[in-house]
Amino acid sequence: MKKAFHYFMAFLAYFIWGLTFPFGKMVIPPLSPYTFVFLRALMGFFMLILYISLKGEFKDWFRSLISNFWILFFYSLISFTLSYIIQFYALQFTSPINQSILAQTSIVWVILINYLVFHDIPSKKFFLAVIVGFGGVILLITQKGWSLSTDTIKGDLFSIIAFISWASYSSFSKPMSKKMKPLYSITSILLLATFFLVGFAYFTGMPDQIAQLTGKQWWIMIYLGFICTGLAYVLHLFGVSGDGVKTEYVVYLGFVMPIISTLYSILFLEAVLTWRIFFGGLLIIFSVILVQKRKKTSKEEE
């Protein structure tokens, strides 16, 4: 029962993250990507630092921030902040459904980066997964006649770039986890991200953009900041920390994100689920399953 509860907490985190894509579409515009990411990072930081303080670990977190400042600085600037700005810039030019599906390619990019940087050699199944996943991406970004979709191609390509950038953050977080707790590192990165972005956000019209937000949009931002960026991360950490919880099974729970995004978009944003989106999504999800099967097999062989 205890293990099932940990899986449920991880599932709840992915469920919350699944609404990021359609909700982001509802506040950009009037918010620019700079202002949007700044507000999310700021709210998420306050949520996580409150959690750390309640655990009585504020001094430990602050010491880890100081001792690892420069590496956190580059993580925050190049991988985290950049990937979020590109992602939500891209969302202006594609659908939440497309972007939530393309997000599932992140694990493939992680393994590719691990191979190129850390020389972690993937199995033959990985290359099959890449071919299958690439087929899914082709279905998503093309239209009838296999020509590029003029409606979403710009957003789709920028989304892929964003998730490659996010994959680099995930890959380099592994050696970082040996220096400090993941909770400490993400809290520090959110803090640094707010400092990077506050100037960009302000000088690109943040006060005017915030003034244009409706009451509904403010609630969406509170959800995306405090709940998606803060609470969901705590839930996910709690989920994967359970005894006997298998990481690859938790990753499978992540498939709920495009499902939630798709259902919400169809019900409330008048989105249309085409056969290309459906089968493209299935191919990408199947490619991720192939990658995870590779990981599981490797563990069993050790």
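The values are calculated or read from the model by the stated rules, or taken from the named source; none is laboratory data. Predicted model, so just to flag it, every value in this text is computed and none were measured. A quick note on method: Cβ atoms are made from the backbone with ideal geometry, for glycine too, and the neighbour counts reach across all protein chains shown.
List of remarks:
- Filtered residue count, segment 74-93, keeping only those that are among the hydrophobic types (A, V, I, L, M, F, W, C) and in a loop (DSSP other than H, G, I, E, B): 2
- Condition met for PHE69 (within 19 Å of ILE222 (Cβ to Cβ) and either of a type outside the set (Asp, Glu) or not assigned by TED's automatic domain parsing to the domain that holds GLY230 (or both)): no
- Flag for SER76 being over 30 Å from ARG276 (Cβ atoms) and under 21 Å from the mean Cα position of the chain (by Cα): yes
- When LEU128 is tested against (1) at pLDDT below 85; (2) surrounded by 22 or more Cβ atoms within 10 Å (Cβ to Cβ), only condition (2) is not met.
- Boolean, GLY230 is on the phi > 0 side of the Ramachandran plot and not acidic (Asp, Glu): no
- Subset of segment 107-123 (residues that are out of contact with any helix residue (DSSP H, G or I) (no Cβ under 9 Å at 6 or more places or on another chain) and either in contact (Cβ under 8 Å) with a residue 24 or more places away in the chain or assigned to a helix (DSSP H, G or I) (or both)): LEU116
- So GLY244, is it exposed (fewer than 13 other Cβ atoms within 10 Å of the Cβ) and at pLDDT below 80: yes
- Unique match (being outside the structural domain of MET257 (by TED's automatic domain parsing), hydroxyl-bearing (Ser, Thr, Tyr) and part of a helix (DSSP H, G or I)) among TYR51, TYR14, TYR7: TYR51
- Residue satisfying all of: in segment 193-216; of a type in the set (S, T, N, Q) and crowded, with 17+ Cβ neighbours inside 10 Å; nearest to TYR169 (Cα to Cα) among these: THR194
- Of all residues in segment 57-76 being under 14 Å from LYS181 (Cβ atoms) and not hydrophobic (A, V, I, L, M, F, W, C), the one that is surrounded by the fewest Cβ atoms within 10 Å (Cβ to Cβ): LYS59
- Which listed residue, of PHE36, PHE46, PHE21, is in a helix (DSSP H, G or I) and surrounded by fewer than 22 Cβ atoms within 10 Å (Cβ to Cβ): PHE46
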